[in-house]
Structure formats: structure tokens, C-alpha cells
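Asker: Quick one: structure below, then a few questions.
The values are calculated or read from the model by the stated rules, or taken from the named source; none is laboratory data. The shown structure was predicted, so the numbers you read here are calculated from the model rather than taken from an experiment. Don't worry about glycine lacking a Cβ; one is built from the backbone with ideal geometry, like all the others, and counts go over all protein chains shown.
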């Protein structure tokens, strides 16, 4: 595994490893005490990678809720953001829980904004 240190006001490491998603629960558990997570992704990433991430998160002791939205730039909108907020409330996600963006681009943008 390769680690890249990012030096910001809150330094962190980026982990690069083939097959690393299968260990994401283990890695995430090293940086948070929370064991409740909301995973937000799009319908393409869901089909390709969600089960691997869920299996790893559950094996590490996380209780997970999942929100999936249609892929594409059109999903980066206030309507979808409102749906994410509704999902977080319905899932009883609090400030002490974690939100995982499973994907990049639109998924990362809207999940980061919601968080």
C-alpha cells in the first residue's frame, strides 16, 4: 500500500492500494470512533462497488444506511440535496456519525456539501 500525506490544517493520509475497497471498513475504523455510517453513491457505482464496501464496513462493526441517486451532473441539484437530507434524518444520522461518499465527481461534491 502506498500512503500519501496531505499537509493541511487537519493533515490526513491518502491510501492507494489495489483492492483497498475490500478493507475500507478497517481503514475507516482507525480514524473514527463512530460505528454508524451513511453511504451515499450513484446508481453506477452502486452496481460496481457498493456490496464490497458494505461487506467491509459491516465486518468492521459499522451499521450502514445507503442512499443511491441517478448518476450524472444533473443530480448535483438542490432537489437531490433535499432528498439526501431527508435520508440522513430518516436514518437518524447525527453529528457523531459518519457520511461516506462512495464515488467521485458528483457523488463526492454533493456528499461533501451535505456533510
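Asker: Condition test on residue 111, is it touching a strand residue (DSSP E or B) at 6+ places or on another chain (Cβ under 9 Å), part of a helix (DSSP H, G or I) and either over 25 Å from residue 20 (Cβ atoms) or modelled with pLDDT of 95 or more (or both)?
Answerer: Considered against the rule, which asks whether it is touching a strand residue (DSSP E or B) at 6+ places or on another chain (Cβ under 9 Å), part of a helix (DSSP H, G or I) and either over 25 Å from residue 20 (Cβ atoms) or modelled with pLDDT of 95 or more (or both), residue 111 comes out as yes.
Asker: Looking only at segment 94-105, decide whether some residue is surrounded by 15 or more Cβ atoms within 10 Å (Cβ to Cβ), assigned to a helix (DSSP H, G or I) and touching a strand residue (DSSP E or B) at 6+ places or on another chain (Cβ under 8 Å).
Answerer: No, the conditions are met nowhere in segment 94-105.
Asker: Taking segment 9-30 on its own, how many of its residues are in contact (Cβ under 8 Å) with a residue 12 or more places away in the chain and in a loop (DSSP other than H, G, I, E, B)?
Answerer: Residues that pass the stated criteria total 1.
Asker: Next question. Just the residues that are farther than 24 Å from residue 30 by Cβ and under 9 Å from the mean Cα position of the chain (by Cα), please, taken from segment 89-115.
Answerer: Correct list: empty.
Asker: Can you tell me how many residues within segment 39-63 are buried (at least 18 other Cβ atoms within 10 Å of the Cβ) and touching a strand residue (DSSP E or B) at 6+ places or on another chain (Cβ under 8 Å)? Please lay out each step first, then the result.
Answerer: First, pick out the residues of segment 39-63 that are buried (at least 18 other Cβ atoms within 10 Å of the Cβ): 39-42, 45-46, 50, 53-54, 56-57, 62.
Narrowing the set further to residues that are touching a strand residue (DSSP E or B) at 6+ places or on another chain (Cβ under 8 Å) leaves 39-42, 45-46, 50, 53-54, 57, 62.
Summing the residues that are buried (at least 18 other Cβ atoms within 10 Å of the Cβ) and touching a strand residue (DSSP E or B) at 6+ places or on another chain (Cβ under 8 Å) in segment 39-63 gives 11.
Asker: Would you check which residues across segment 64-84 are surrounded by 12 or more Cβ atoms within 10 Å (Cβ to Cβ) and assigned to a helix (DSSP H, G or I) and list them? Please lay out each step first, then the result.
Answerer: Pass one, segment 64-84, residues surrounded by 12 or more Cβ atoms within 10 Å (Cβ to Cβ): 64-69, 71-72, 75-77, 80-81, 83-84.
Passing the criteria: 75, 80, 81, 83, 84.
Asker: Right, another one. Just checking, does segment 73-91 include any residue being touching a strand residue (DSSP E or B) at 6+ places or on another chain (Cβ under 8 Å), farther than 16 Å from residue 111 by Cβ and touching a residue at least 24 places away in the same chain (Cβ under 8 Å)?
Answerer: Quick first cut of segment 73-91, residues touching a strand residue (DSSP E or B) at 6+ places or on another chain (Cβ under 8 Å) only: 75, 80, 83-84, 87-88, 91.
Add one more test, that the residue is farther than 16 Å from residue 111 by Cβ, and what stays is none.
No, every residue in segment 73-91 fails to be touching a strand residue (DSSP E or B) at 6+ places or on another chain (Cβ under 8 Å), farther than 16 Å from residue 111 by Cβ and touching a residue at least 24 places away in the same chain (Cβ under 8 Å).
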